[in-house]
Structure formats: structure tokens, C-alpha cells
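**Q** This is the structure I have questions about; it appears just below.
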Amino acid sequence: MSRSSFHCPRLCIATVVGILFGLIAMTLGNVALHQWSSEPAYVPTVIPQLTQATSEAFPEPVMPMFIKPEPITLLFVGDIMLDRQVAERSQKAKDPAYPFQKLPVGWFKQVDYAIANLEGPVTDKRRPPEKTIDFQFDPSVIPILKEQGIDAVSQANNHALDQGRIGSEDSRTRLQAAGLLVFGDQVHDDAIALATTTIRGQRFAFIGFNTTDNPLDLVAASSTLVQAQSSADHVIVYMHWGPEYKNRPPASIIKEAQWLIDHGADIVIGGHPHWVQGIELYKNKPIVYSLGNFIFDQDFSRETKEGLAMKVTIKDAQLVLEPIPLQINLSQPSLAEGEDREKRLKELSAISDPFLKEQILTGRIVIAE
């Protein structure tokens, strides 16, 4: 028997002892495992190796996307009068769109929304004249206004009731039926002073007040402005005010304009003087005192044959105004160009807020919020 076989008993004993200890450990482990498995299931989190795959395991955070609203463009023009010689000239030309023929094709349609003052009722309900100047526009002009791209009209002026209340209401009904937004009246009425619309997802309130017959009713106007603020993102007031044939507003009109801003108006546009008047910035909000004539037959002076359109662009935190000088010849407005345009902007600058003079000369006024 070899030495190795002689020591076998010791080796076997050690082996047996090891096996016994192993069995004891397994038994204890099974008991612990049974107790542990009786608890609610737990799924351990697997943490990936911080190697080259880290960028995949922990990708860059995705920032939320904020889509900037698109710019909104508005175009305001002055008084549109489609009776007397304007109607006669259209009939003579055998063209109902005669007044618009000198404007660039599709001019109004180049903006999102175009607004004008309609200086009289569109109706066939004529009554005997009760005053010297008495307007009535043939209903056939309505599709022309629509085809040209005019979207909204103010009836807040001193000729809205030339054919009485029946004529004014008939005009409003016809215009609205054609898809035009109508706001304001010769006499203040809360129910029709304000009209709202949505342009590129933003709400606009248009208000028309006429103070050529009576002073502004501050209580009623304040109520209308409060209503507008609660229903719109932008509040625009189109005023019919002030003395005629003047290129500067009196102190009373300036005070009235500033009151409108103080009570919620974001932009104030004016008309009625038949002459262009200046632009003011009050509390960082624009006031255009008079756009003058747009379509009229007042051929008796240079000033009455000159008008102003105002393009307004709302973009992010900026408001951009672009004054557009117009020349009116035989009731047809056209865009002033070249030296004539520069001259007109210089004249506008001279009667406007000194703070805006340099910008007006460039034809672009930028107002940052």
C-alpha cells in the first residue's frame, strides 16, 4: 500500500466535513430565500457601464419646442365715399371697380386684414335729403369692396345715418352678408360699436367711435373698451373726429386719443379731417390722427387729393408701422413713389411726434414693447 493510500482516511474525513458544511449553508440559504421571495417582487435597476455607450444610455435632454407666431399684417385706409362724382366716374368708365384701378393688383390682399372707413350707407332705401351733403352708395359696390380684399369697415362717421336708421341697418346687414366685418355707427351703440375677429390665431377687437356730432361718451366708451379687452388680444379704435381741413389735431382731440390709450386701446386710427395728420407715440402705443381721404371726389385742393395708408405688422414683441403716402386723382388713389413719396414722408414727419421724425422719414416705425 502506498503512502498516498495510507493517508486516504484523513482526506475522506475532510471531504465529508466540507460536504456537511456546504449542506448546512445551502439549507440556511434556502430558508432565507424563501423569506425574501415572500416579499413583493423587486426588479433591480440595471445601470449601464459608463463607457462609450454613455451618450446612448443618457441622451441629451430634448428642449421643448416653442413655435413663434407668424407676423400679422393689417392695412388701414381712410375715407371711402362712393357717391356723387365717384359714382358718375365709375358709370362713365363702365367699370364698377374704377376707383381701385390705379392701385397695384391685389394690393389689399397682400396683408392679412384690411380696414377702411365707409363714409356712408350702402342701401337702396333712400329717403328725402335732410342735409346738404347726403350720401347713399349703390349696393352693387359691396362685391367690389370684397373682391378688392377689404375685410372690415367702420360705419362710425357723420354720414352713416344719411338715409336714416333703416338705411344704416340695411347697410350693415348687406355688408355682413357679404362677409365684411362692420363696426361702429354715427350714434354710439354698445351693441354695434365693437366687432371681433380672429387673425392667425389671435383675437382682434375693432371699435368705431364718431365724435363729429357729439362729444365722446366716456362712460359708454369705457364700457366698450373693457368689453374689448376681455375678449381680444389686441384692441384697435378707429375714430371719426376733429375739425376738417386741418393738418394738426386740436388739443381736445389729442386728449381724447390719449384717454383711449389710457382705457385699453392698443392702436388708435383717425379720420374725418380729409387731410393727413401726424402720428404720435403715447405710452408706447401709436396714434394716427388722420389718414385723410382714400376714395373721394374732393378735387379742390392738394391736401384733399393726398391720403395715407398705414400698414401695421405685429411680430413677436414688436409693432411696426409703415406709412404709405397716396395720391388721389379723379377719385383714384395710387401709391406715391420716388421724390413725391420722400416729400410726403418729410411733410408727415414735420407734423408728427418729434420722437418719431427720423423713423417716419425712412417709412418704417418700429415700436418695441
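The values are calculated or read from the model by the stated rules, or taken from the named source; none is laboratory data. None of these values were measured; they are calculated from a predicted model. Note that we place each Cβ from the backbone using ideal geometry, even for glycine, and neighbour counts take in every protein chain shown.
**Q** Given the criterion more than 30 Å from Lys68 (Cα to Cα) and not basic (Lys, Arg), identify the matching residue among Glu280, Glu347.
**A** On the way: Glu280 fails: more than 30 Å from Lys68 (Cα to Cα).
Of the residues listed, the single one that is more than 30 Å from Lys68 (Cα to Cα) and not basic (Lys, Arg) is Glu347.
**Q** So which of Arg165, Arg126 ends up being more than 30 Å from Ile314 (Cα to Cα) and at pLDDT 95 or above? Before the answer, list the steps.
**A** Working: Arg126 fails: at pLDDT 95 or above.
On inspection, the qualifying residue turns out to be Arg165.
**Q** Also, quick follow-up: If I ask for residues that are in contact (Cβ under 8 Å) with a residue 60 or more places away in the chain and under 16 Å from Ala193 (Cα atoms), which ones from the range 237-270 would you list?
**A** Hits for the range 237-270 are Tyr238, Met239, His240, Ile269.
**Q** Please state which of the following conditions Phe296 fails to meet, knowing it meets all the rest: (1) touching a residue at least 60 places away in the same chain (Cβ under 8 Å); (2) farther than 25 Å from Leu361 by Cα; (3) in contact with a Leu (Cβ under 6 Å, 6 or more places away or on another chain).
**A** (3)
**Q** Please count how many residues of the range 213-234 are polar (S, T, N, Q) and surrounded by 17 or more Cβ atoms within 10 Å (Cβ to Cβ).
**A** Number of matching residues: 2.
**Q** For residues that are on the phi < 0 side of the Ramachandran plot and in contact with a helix residue (DSSP H, G or I) (Cβ under 8 Å, 6 or more places away or on another chain), tally how many sit in the range 164-207.
**A** Matching residues across the range 164-207 total 18.
**Q** So, one more: From the set of residues in the range 90-136 that are closer than 24 Å to Phe209 by Cα and of a type in the set (Ser, Thr, Tyr), which is surrounded by the most Cβ atoms within 10 Å (Cβ to Cβ)?
**A** Applying the filter and picking the extreme gives Thr123.
**Q** What's the total number of residues in the range 295-353 that are assigned to a loop (DSSP other than H, G, I, E, B) and among the small types (Gly, Ala, Ser)?
**A** 5
**Q** Looking at the range 165-196 only, could you name the residues that are β-branched (Val, Ile, Thr), more than 28 Å from Ile253 (Cα to Cα) and either touching a strand residue (DSSP E or B) at 6+ places or on another chain (Cβ under 6 Å) or without any contact (Cβ under 8 Å) to a residue 12 or more places away in the chain (or both)?
**A** The answer is Thr173, and nothing else.
**Q** Let me ask something additional. Among the residues in the range 93-115, are any touching a residue at least 60 places away in the same chain (Cβ under 8 Å), part of a helix (DSSP H, G or I) and over 18 Å from Leu75 (Cβ atoms)?
**A** Yes: one or more hits.
**Q** Kindly indicate whether any position in the range 328-343 is under 30 Å from Asp233 (Cβ atoms), in the same structural domain as Arg200 (by TED's automatic domain parsing) and in contact with an Asp or Glu (Cβ under 8 Å, 6 or more places away or on another chain).
**A** No, every residue in the range 328-343 fails to be under 30 Å from Asp233 (Cβ atoms), in the same structural domain as Arg200 (by TED's automatic domain parsing) and in contact with an Asp or Glu (Cβ under 8 Å, 6 or more places away or on another chain).
**Q** Still on this model: Just wondering, is there one or more residues in the range 259-268 that are in contact with a Phe, Trp or Tyr (Cβ under 9 Å, 6 or more places away or on another chain), crowded, with 19+ Cβ neighbours inside 10 Å, at pLDDT 95 or above and more than 30 Å from Gly201 (Cβ to Cβ)?
**A** No: zero hits.
**Q** Within the range 263-285, does at least one residue satisfy the condition of being touching a His at 6+ places or on another chain (Cβ under 8 Å), in a strand (DSSP E or B), basic (Lys, Arg) and in the same structural domain as Ile80 (by TED's automatic domain parsing)?
**A** So in the range 263-285, the residues touching a His at 6+ places or on another chain (Cβ under 8 Å) come out as 266-267, 270-272.
Going one step further and asking which of them are in a strand (DSSP E or B), we end up with 267, 270-271.
Narrowing further to those that are basic (Lys, Arg): none.
Among the residues of the range 263-285, not one is touching a His at 6+ places or on another chain (Cβ under 8 Å), in a strand (DSSP E or B), basic (Lys, Arg) and in the same structural domain as Ile80 (by TED's automatic domain parsing), which makes the answer no.
**Q** I would also like to ask the following. List, please: which pairs have Cβ atoms under 6 Å, are six or more places apart or on different chains, and start with a residue in the range 198-224 that is touching a residue at least 60 places away in the same chain (Cβ under 8 Å) and end with one that is loosely packed, with under 14 Cβ neighbours inside 10 Å?
**A** If the second residue must be loosely packed, with under 14 Cβ neighbours inside 10 Å, the pairs left are Arg200/Glu70.
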